[in-house]
Amino acid sequence: MKKRAAGLLGVVMAAGALVQAAPASAGTTAPPPFCQLALGSTTSGGDLILRVLSGTVPPSAGASTWGGKDLMPDNQIKVAGGLGLQVNADQSGVSRRQYVVLGSTLNLLTYDVKGFSGEVDPASVKRTPVGGGWGDARYIENSRYNIGNKLARNSAYAVIGDNILRWTVDGTSFTRKATYAGFSAVKTMTLISQTATYDTFLANTRAGALYTIRIPVTGKPVVKVVRRTTWQGFEALVASKCGTGTMLLGVDKETGAPYLYTIGHANGTATVIKGLGKVPRTFGEVAYSRYYDDTQDYDQLSGE
């Protein structure tokens, strides 16, 4: 396991993104000095840009690197889910997987990255259609809950119209659809917590409120207000793990301004939120995604 984890860090660092926060000193329980968020950004031309954002004050951003060019047709990308990676058996490269809406069709995008240079193998790029009717989706995500390095639960989500939708993913099939109404005010959201029995999302509304939405495997969603105002400016939210809390990126697509926050373990209005400031970059991409290891449980989210 250690060899596999070390190989993964080498791959991610070579690609220009670091998933893990800096570790605490041995024998202590001190938190890391700052957390980091590995970000995948998709352009209107179907290219992928990788960045690592650091939760310092003010925030900092590493150099942008190409994660792949012409992965999708021009001017087709609408929204994208998390960007998962898997290290291959001999640790000489990785494969990536991501759900994307192209036009009105949901696709599973998969491809291989050769060696540690981050060069995509063009022959491996595959876009597998899942279904139509996705053109109005405001958000999509695939939550793959792992126990060790074994996939234990695989759920897909979308926000379309008034509804949050959930499916069980079985191979390339979406089954056991559940529909939860009453979410027309949600502007976008991001996954912040994964367990065997539920997923939790952080959502902002057009009126500016910030909520957690816990969706259990069985039963109705549990919605809690976190803040009542000022969060309406973000068209994209991306979260990564930061201890038992969350590092949150909010992107104002109208201005290209990205802002970073650290958020304590979610607990309604008592949740601690620290604004770190504006990231010293201007973002002009269409879709923003967490870049994560989807084969080992250490990178799973635990923000609620």
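What the table below lists for this structure:
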| item | result |
| --- | --- |
| Strands (runs of 3 or more DSSP E) (entirely within the stretch 43-91) containing at least 1 residues that are among the polar types (S, T, N, Q) | 48-54, 65-68, 83-87 |
| Output for the stretch 133-153, where each listed residue is open to solvent by 20 Å² or more (accessible area, probe 1.4 Å) and more than 21 Å from GLU235 (Cβ to Cβ) | GLY133, ARG144, TYR145, ILE147, GLY148, ASN149, LYS150, LEU151, ALA152, ARG153 |
| SER193 vs. criteria part of a loop (DSSP other than H, G, I, E, B) and modelled with pLDDT of 95 or more | no |
| Set ALA26, ALA80, ALA61: member being modelled with pLDDT under 95 and either open to solvent by less than 70 Å² (accessible area, probe 1.4 Å) or of a type in the set (Gly, Ala, Ser) (or both) | ALA26 |
| So VAL101, is it among the hydrophobic types (A, V, I, L, M, F, W, C) and farther than 27 Å from GLY256 by Cβ | no |
| Cβ-Cβ under 6 Å pairs, at least 6 apart or on other chains, the stretch 138-154 side under 15 Å from VAL217 (Cβ atoms), far side polar (S, T, N, Q) and surrounded by fewer than 19 Cβ atoms within 10 Å (Cβ to Cβ) | ARG144/ASN154 |
| Residues of the stretch 193-214 satisfying the condition of being of a type outside the set (Gly, Ala, Ser) and in contact with a Phe, Trp or Tyr (Cβ under 6 Å, 6 or more places away or on another chain) | GLN194, ASN204, LEU210, ILE213, ARG214 |
| Identity of the residue in the stretch 172-194, of a type in the set (Gly, Ala, Ser) and within 17 Å of GLY81 (Cβ to Cβ), that ends up least open to solvent (accessible area, probe 1.4 Å) | SER193 |
| Residues located in the stretch 160-174, provided they are assigned to a strand (DSSP E or B) and free of Cβ contacts under 8 Å to residues at least 40 places away in the same chain | ILE160, ASN163, LEU165, TRP167, THR168, VAL169, ASP170, SER173 |
| Residue satisfying all of: in the stretch 94-122; in a loop (DSSP other than H, G, I, E, B) and of a type in the set (S, T, N, Q); farthest from ALA137 (Cα to Cα) among these | SER117 |
| Selection within the stretch 83-119 - charged (D, E, K, R), open to solvent by 20 Å² or more (accessible area, probe 1.4 Å) and under 21 Å from THR43 (Cα atoms) | ARG97, ASP112, GLU119 |
| Qualifying positions in the stretch 258-285 - in a strand (DSSP E or B), open to solvent by 70 Å² or more (accessible area, probe 1.4 Å) and under 18 Å from THR230 (Cα atoms) | TYR259, THR269, LYS274, LYS278 |
| Given (1) open to solvent by less than 40 Å² (accessible area, probe 1.4 Å); (2) modelled with pLDDT of 95 or more; (3) assigned to a loop (DSSP other than H, G, I, E, B), index of the condition ALA17 fails | (2) |
| Residue in the stretch 231-243 that is without any contact (Cβ under 8 Å) to a residue 40 or more places away in the chain, in contact with a Lys or Arg (Cβ under 7 Å, 6 or more places away or on another chain) and open to solvent by less than 10 Å² (accessible area, probe 1.4 Å) present | no |
| Some residue of the stretch 133-148 being more than 21 Å from the chain's Cα centre (by Cα) and either assigned to a loop (DSSP other than H, G, I, E, B) or more than 28 Å from THR205 (Cα to Cα) (or both) | yes |
| Residue match in the stretch 189-212 (condition: of a type in the set (Phe, Trp, Tyr), without any contact (Cβ under 8 Å) to a residue 60 or more places away in the chain and under 17 Å from PRO59 (Cβ atoms)) | no |
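The rows are residues; the columns are (1) without any contact (Cβ under 8 Å) to a residue 40 or more places away in the chain; (2) within 21 Å of the chain's Cα centre (by Cα).
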position	(1), (2)
LEU83	no, yes
ASP90	yes, no
VAL94	no, yes
ASN107	yes, yes
LYS114	yes, no
VAL120	no, yes
LYS126	yes, yes
GLY131	no, no
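The values are calculated or read from the model by the stated rules, or taken from the named source; none is laboratory data. Since we're looking at a predicted model, the values are computed, not measured. We place every Cβ from the backbone using ideal geometry, glycine too, and count neighbours over all the protein chains shown. Only protein heavy atoms, including side chains, enter the accessible area calculation; ligands, DNA and RNA are left aside. Shrake-Rupley method; radii C 1.70, N 1.55, O 1.52, S 1.80 Å.
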